[in-house]
Amino acid sequence: VNPPQLLTEIASTIRRFIICSKEVAQALALWIAMTWFIDVIQVAPLAIITAPEKRCGKSLLLSLLGKLSARPITASNITPAALFRAIDAWSPTLLIDEADAFMKDNEELRGLLNSGHTRDSAYVIRTVGDNFTPTKFNTWGAKALAAIGHVADTLMDRGIVFELRRKLPHEKVERIRQAEPGLFDELCSKLARFAGDYSEQVRQARPPLPPSLNDRGQDNWEPLLAIA
């Protein structure tokens, strides 16, 4: 696998199906690659897919992430208990659609998503069973949220924002369901090989971080820049 060529191919594939800028596609390619390196990074920024109105391709992009990310699970609604149990059991890339509809007043769910931002703090404790045995659950992993407008500030602060817009009359994109057979399987195979070959380099990478970002912003971008 040639990593620069692979990342360019992923970014080009995104723009085949989604209306977005070149910069958004490049950052998405790095976030997708990050899901395959999740075992060697220390910060897992949320992918926050947002748009000012409906029909901008948010759900479509989430579906595309599901075809390219490591161990994807997509949900249009999830309870706090299901969230930490699913992450602890399956270590998925969790893709949550319609986040603006069901997370607005759910402080517990937001807290759980916040807890999974850094590897060291990605745990919650709940009592389990008839004896109420204290049990530790892991919340570490890659997560993407799709919503109209902004989600809670604490989530925005822990995420990389991918803003979409509606397609203009002269713009054309292909339909994902009409993609050539094997396209996404081949890209996933290459991503798996990329992660297998370069995990140690990414683990040890210390990329220069843009001074224009605050500390949290630098944390969010560090794993993507390490891969880049």
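Below, the figures for the structure above:
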read-out: Top-ranked residue of region 119-132 - restricted to ones that are open to solvent by 100 Å² or more (accessible area, probe 1.4 Å) and not in a loop (DSSP other than H, G, I, E, B), ranked as farthest from residue 220 (Cα to Cα); value: 125
read-out: Residue 145 assigned to a helix (DSSP H, G or I) and touching a residue at least 60 places away in the same chain (Cβ under 8 Å); value: no
read-out: Members of region 1-36 found to be surrounded by fewer than 22 Cβ atoms within 10 Å (Cβ to Cβ) and of a type in the set (Phe, Trp, Tyr), listed by number; value: 17
read-out: Members of region 1-15 found to be of a type in the set (A, V, I, L, M) and either under 14 Å from residue 198 (Cβ atoms) or free of Cβ contacts under 8 Å to residues at least 40 places away in the same chain (or both), listed by number; value: 1, 6, 7, 11
read-out: Which numbered condition residue 154 misses (of (1) polar (S, T, N, Q); (2) touching a strand residue (DSSP E or B) at 6+ places or on another chain (Cβ under 9 Å); (3) open to solvent by 50 Å² or more (accessible area, probe 1.4 Å)); value: (2)
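The values are calculated or read from the model by the stated rules, or taken from the named source; none is laboratory data. Every value quoted in this text rests on a predicted model; they were computed, and no experiment measured them. Ideal geometry is used to build each Cβ from the backbone, glycine not excepted, and the neighbour counts take in all protein chains shown. Just so you know, the surface numbers come from the protein's heavy atoms only, side chains and all, with ligands and any DNA or RNA stripped out. Shrake-Rupley method; radii C 1.70, N 1.55, O 1.52, S 1.80 Å.
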